[in-house]
1. Go through segment 21-69 and report how many residues are farther than 23 Å from Asp123 by Cβ, surrounded by fewer than 20 Cβ atoms within 10 Å (Cβ to Cβ) and among the hydroxyl-bearing types (Ser, Thr, Tyr).
2. If you check Ala144 against the conditions, is it modelled with pLDDT under 95 and open to solvent by 10 Å² or more (accessible area, probe 1.4 Å)?
3. Please verify whether Gly80 is within 26 Å of Thr15 (Cα to Cα), of a type in the set (Gly, Ala, Ser), within 16 Å of the chain's Cα centre (by Cα) and open to solvent by 20 Å² or more (accessible area, probe 1.4 Å), treating the condition exactly as stated.
4. Does Leu223 satisfy being of a type in the set (A, V, I, L, M, F, W, C) and in contact with a strand residue (DSSP E or B) (Cβ under 7 Å, 6 or more places away or on another chain)?
5. Scan segment 154-163 and give yes if some residue there is farther than 27 Å from Ala120 by Cβ, acidic (Asp, Glu) and in a helix (DSSP H, G or I), otherwise no.
6. Out of (1) among the hydrophobic types (A, V, I, L, M, F, W, C); (2) at pLDDT 95 or above; (3) more than 25 Å from Ala137 (Cβ to Cβ); (4) buried (at least 16 other Cβ atoms within 10 Å of the Cβ), what's the single condition that is false for Trp17?
7. Which of (1) more than 17 Å from Trp18 (Cβ to Cβ); (2) assigned to a loop (DSSP other than H, G, I, E, B); (3) touching a helix residue (DSSP H, G or I) at 6+ places or on another chain (Cβ under 6 Å) is the odd one out, the single condition Ala112 does not satisfy?
8. Any residue at all in segment 172-179 that's open to solvent by 60 Å² or more (accessible area, probe 1.4 Å), touching a strand residue (DSSP E or B) at 6+ places or on another chain (Cβ under 6 Å) and not aromatic (Phe, Trp, Tyr)?
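The values are calculated or read from the model by the stated rules, or taken from the named source; none is laboratory data. What you see is a predicted model, and the numbers here were worked out from it, not measured in a lab. Virtual Cβ from ideal backbone geometry, glycine too; neighbours counted across all protein chains shown. Heavy atoms of the whole protein, side chains included, go into the accessibility calculation; ligands, DNA and RNA do not. Shrake-Rupley method; radii C 1.70, N 1.55, O 1.52, S 1.80 Å.
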Amino acid sequence: MDRRVYDRMAEHDSTHWWYRARRDILSDYLTRYAALPRDASILEIGCGTGHNLAMLAQFGTVDAIEIDPAARAVASQRLGRPVGEAPLPELPGVPRGSYDLIAVLDVVEHIADDVAALAAMRDCLAPGGKVLIAVPAHQWMWSAHDVVNHHHRRYSKDTLVKAIRAAGLKERGLTYFNSLLFPLAAAARVAGRVTGRDDSDDSPPAAPLNALFERIFRAERFLVGRVPMPIGVSILTLAERG
């Protein structure tokens, strides 16, 4: 990702509506569906500034990987010990057969060979382990945001399922999320394309709007996995060995 993306992440990941609400959604989703053992062994790949580490630590002992040095330094402070730097798709040095949960949250779209990356994650799972995957949805929503984040693609349900299965994994409970705000997101992407406006600035909106968006997005914690979401900005699934 561009340096400015990491800088904004470090500045806003504790206050921006998207980060705050998504953590709650993912926490509830894992509680309901992951069936993790007590004190699970967890790895987050591409942890960025470490803004998900405290949430994941509710479920066990967390290791983390991040290839950007500045983001890795921030994440290491938050984790309280060094964060690794093994790159995808190979994951060199990451112990195979070790993790009950691997989290890749808006990461797989950054990897040219997504199947090889997912296959490496499969090999790092302990028996019964799972991969928590979140990716951006809908190639037609491609914008400057995807460019500065160095995305290779956005996914449909079908293309994500194809990659997961080709890697020897099986998707479970695959669903859209960030659905309640989808009309606004879609309208913004279309308007940006028509006007040529750059939508790559991820800074939070004014405080009242930030709080409103957070409340709306967080409400999905009661819906995701329980109610079929017909469309959304992102796709979420737990994958396990096929």
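1. 2
2. yes
3. Details: within 26 Å of Thr15 (Cα to Cα): yes; of a type in the set (Gly, Ala, Ser): yes; within 16 Å of the chain's Cα centre (by Cα): no; open to solvent by 20 Å² or more (accessible area, probe 1.4 Å): yes.
Considered against the rule, which asks whether it is within 26 Å of Thr15 (Cα to Cα), of a type in the set (Gly, Ala, Ser), within 16 Å of the chain's Cα centre (by Cα) and open to solvent by 20 Å² or more (accessible area, probe 1.4 Å), Gly80 comes out as no.
4. No, not satisfied.
5. At the first step, the residues of segment 154-163 found to be farther than 27 Å from Ala120 by Cβ are none.
No - not one qualifying residue is present in segment 154-163.
6. So the condition that Trp17 fails would be (3).
7. (3)
8. yes
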